[in-house]
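Structure first, commentary second.
The values are calculated or read from the model by the stated rules, or taken from the named source; none is laboratory data. What you see is a predicted model; the values in this text were computed from it and never measured. Cβ placement follows ideal geometry from the backbone for every residue including glycine, while neighbour counts extend to all protein chains displayed. The accessibility values were calculated without ligands, DNA or RNA, using every heavy atom of the protein model including side chains. Shrake-Rupley method; radii C 1.70, N 1.55, O 1.52, S 1.80 Å.
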Amino acid sequence: MLWATAGVVALGFLITLEIAARRYGLPGPITNQAQEVMFAPKSGPLLYAGMALMMVVLTWRQRFIAAGAAIGIDVVFLLVRWAVDAKATGGHPFGNGALWVILGYAVIAVTRRTGRERVLLLKGVGLGLLLVAGRKTGDTWLLITSKTRPAVLDQYLATADHALGNPSWLVGRIVTATGPIGAHVLDYVYIQLAVAAVVVALYQLRNVAVERRFPGHHLVRTFLAIGLLGPGIYMIFPVVGPVFAYGTGAFGTGGEHWAVANLWPDTPPPIHTPHPMPYDEITPRNCMPSLHTAWATAIFIHSRKGPRILRFAGTFWLIATLGATLGFGYHYGVDLIAGVVFALTIETALRSLDRGWDRPAIQLVAYGATVFAALLVSYRYLPMEMAEQPWVFGPLLILAMTSVVHGYVRATKLWDPEAAPAQQPEPLPEPV
């Protein structure tokens, strides 16, 4: 019943976004996804990552067959495009096969499976499709933010960011100094965040095929919840980011035509009373909070119970994502603080839904939501005070974030007590 309700809600949400996108003369998430059945997909790796999530419910033999079928279909598509000289413009030349396999198993679940086996296979298909649909949904959300929020609040965040020492400007200069190698590494980490999440999720779901059931809580739930709730904050606090508001722009949009001045990353903005500023109807208002930071935080949290290499990868992805968000000028430092609080609050709520609500969980979710709201209010109404007294407000911002982190760590220690070490028998005295 829970999965059926979630499916109906998700479908209704997708239809709503499709209608909203159509009002602006653009295809919505359903249309974009349907086009990838035949046309070059926007993200081939993401489609294969979705197929990998679906395959957690399959046996190893079925997995090899599914992977082989996906690769074979992609080869056919590649040959056909080569024969008709159709280039994969704006996308990847592979990925259609993975989507075909996912949809094929949906048909198999309905026509060839019954009872619990049908439900389990449909859950796997739904998990894979949700990951893919989440990307399409996010793209449509970003379109809506650019069309419905003509004014942005970047001046407020840039002013408040003085309390943290303008980290985006500092890291931006560091990334520029590393040259193309450092930029390419960070860009790959930033773009393939969802693939990294799938790697951690596959470890968490490795026993589904044997146990024939999903665990109560895993990374995909948190990942999707962050992506679902985050864009709502974009609508409340629209921000385009320092590279657009104070730089030459990126991806051919914004920048010099709409920026306050060409300052990023060489010259921190001067302290002055901030005002809302108009911006174009192309650039997404997707900074507050930093969802890349929230997602990377979730990956870090869920990788803690994995083997050493997975823990190392989770730590690397978090640090590299923070470097990319700041170093490419996509976010201000205050965005990252809000993103961490946002992620921990959602993670606590989802874990509590699985294990049951208790007093520490209720207190932590309420506290995290309060801190997050207080951050947004302070960024909007106290930026001048924050900029003029950085030695007061800077530590306060860090302390607010740290307090939520500490509360989460303390609560999870109560929820997941470590197994007590086996007591060793005391040595007996040697006979005299």
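Under 18 Å of direct C-alpha separation, and excluding same-chain neighbours fewer than eight residues apart, residue 136 reaches these aspartates and glutamates: 18, 36. Taking label positions 7 Å along the Cα-Cβ direction at both residue 85 and residue 363, the computed distance is 7.1 nm, reported to one decimal.
Only Lys, Arg, Asp and Glu count, each charged at its Cβ (+1, +1, -1, -1), so figure out the dipole size of region 1-143 about its Cα centre, rounded to 20 debye.
Numbers: 14 positive and 6 negative charges, 64 e Å.
Roughly 300 debye for region 1-143.
Counting only protein chains, not ligands or nucleic acids, how are 92, 275, 184 ordered by accessible area (probe 1.4 Å), most first? Write out the running numbers ahead of the final one.
Numbers: 92 55, 275 105, 184 130 Å².
Largest accessible area first, the list is 184, 275, 92.
Of 416, 354, 266, 154, the residue with the largest accessible area leads and the full order is 266, 354, 416, 154 (1.4 Å probe).
For region 107-118, 3J(HN,Hα) computed residue by residue from phi via the Karplus equation (6.51, -1.76, 1.60; θ = phi - 60°) reads 5, 4, 4, 6, 9, 10, 10, 9, x, 5, 5, 5 Hz, glycine and proline entered as x. Within straight-line reach of residue 413, meaning a Cα separation under 19 Å, sit the following lysines at least 8 residues removed in sequence or on another chain: 305.
Here residue 236 and residue 38 are evaluated by their C-beta separation; at R0 = 45 Å the FRET efficiency comes out at 0.75.
Note on residue 116 and residue 373: their simple-model spin labels are 4.4 nm apart, each label 7 Å out from Cα toward Cβ. Remark: region 285-302, residue by residue, has Karplus-estimated 3J(HN,Hα) of 8, 10, 9, 10, x, 6, 6, 4, 5, 4, 5, 5, 5, 5, 4, 4, 4, 6 Hz, where x stands for each Gly or Pro and the curve is 6.51 cos²θ - 1.76 cosθ + 1.60 at θ = phi - 60°.
Projecting the Cα positions of 172, 352, 293 onto the charge dipole of the chain (unit charges on Cβ atoms of Lys, Arg, Asp and Glu, taken about the Cα centre) puts 352 furthest along the positive direction.
Once backbone amide H atoms are built at 1.01 Å from N, residue 152 has 277, 279 as its partners under 5 Å, excluding neighbours fewer than 5 places away on the same chain. Using the Cβ-Cβ distance between residue 65 and residue 282 with R0 set to 51 Å, the FRET efficiency from 1/(1 + (r/R0)^6) comes to roughly 0.70. Using R0 = 22 Å, the C-beta based FRET efficiency linking residue 267 and residue 183 works out to 0.60. Taking 15 Å as the straight-line reach from the Cα of residue 42, the aspartates and glutamates in range (excluding those fewer than 8 positions away in the same chain) are 74, 139.
Only one item in (i) 1.12; (ii) 0.95; (iii) 1.07 matches Cα Rg over 2.2 N^0.38 Å derived from the coordinates shown, and that item is (iii).
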